[in-house]
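Just so it is clear, none of the values below were taken in a lab; they were calculated from the coordinates. Note that this is a predicted model, so its numbers are computed, not measured. A quick note on method: Cβ atoms are made from the backbone with ideal geometry, for glycine too, and the neighbour counts reach across all protein chains shown.
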Amino acid sequence: MGVPLTIAGMGVPLAIAGLVGGAVSAYGSYESGQATSAAEAYQAQVAANNAKVAQTNARLDIQAGETAATNQGLKTRAQVGTEKAGQGAGGIDVNTGSAVGVRAGSEEIGQLDALTIRSNAAKQAYGQLVTATSDTAQSQLATAESGQAAEAGDIGAAGSLLSGVSTVGGNYARYQMASGGNPLASNIGS
């Protein structure tokens, strides 16, 4: 005949179940840490890519500003030339008096427009560089968080294993005391 099944007789299977539960919990902690680490590594790469894009945009903003300023200079020269031709066609001495002053004013306004275009491009580029700096910092932070998450998963897994072993050990000790110091005593003679 078989050994009757009692709560005391379940000590070893319960201990095994406790160890398995601790191992499953440890594996869950490990996998959670790995998943968080992977997510943070992904975010780090996204931020690094965003920083590169922002740096490229800053260079493009400066180039576009320079091109627009050059175009503005060409427009100004064309306008001044048209004014001079109009003045000459109207019988005005283009080299003296207010005719020179009018053209000088047009040139100054054109130069101011070109400077404004460059200034706006520089401000836009600066904004892109600030974004790039922020994205670079975010990338570095996410990289650090990725490493810490992986480490935390490992520590959590070890903690779960130790907790499971400790719980099983404590329960086994109580089981031994309840059965008179012999874990098989409750099953002998039954």
Report task. With label points built 7 Å along Cα→Cβ from the Cα atoms of ASN171 and ALA122, find their separation and express it in nm. Result -> 7.3 nm
Requested in this report: Determine the distance separating the Cα centre of region 47-84 from the Cα centre of region 145-181; give it in Å without decimals.
Outcome: 66 Å
Query raised in the report: Can you list the lysines whose alpha carbon sits under 26 Å from that of LYS84, skipping same-chain ones fewer than 8 residues off?
Result: LYS75
Query raised in the report: Taking a quarter of the surface of the convex hull around the Cα atoms of the chain, what do you get in nm²?
Result: 17.5 nm²
Requested in this report: Could you order peptides 85-96, 115-126 by the average number of other Cβ atoms within 10 Å of their residues, highest first?
Outcome: 115-126, 85-96
Report summary line: Nearest 10, in degrees from 0 to 90: the angle of helix 98-178 to the longest Cα principal axis of the chain is 0 degrees
Report summary line: Relative to the chain, whose Cα atoms define the longest principal axis, helix 11-89 and its Cα axis are tilted in degrees, nearest 10, by 0 degrees
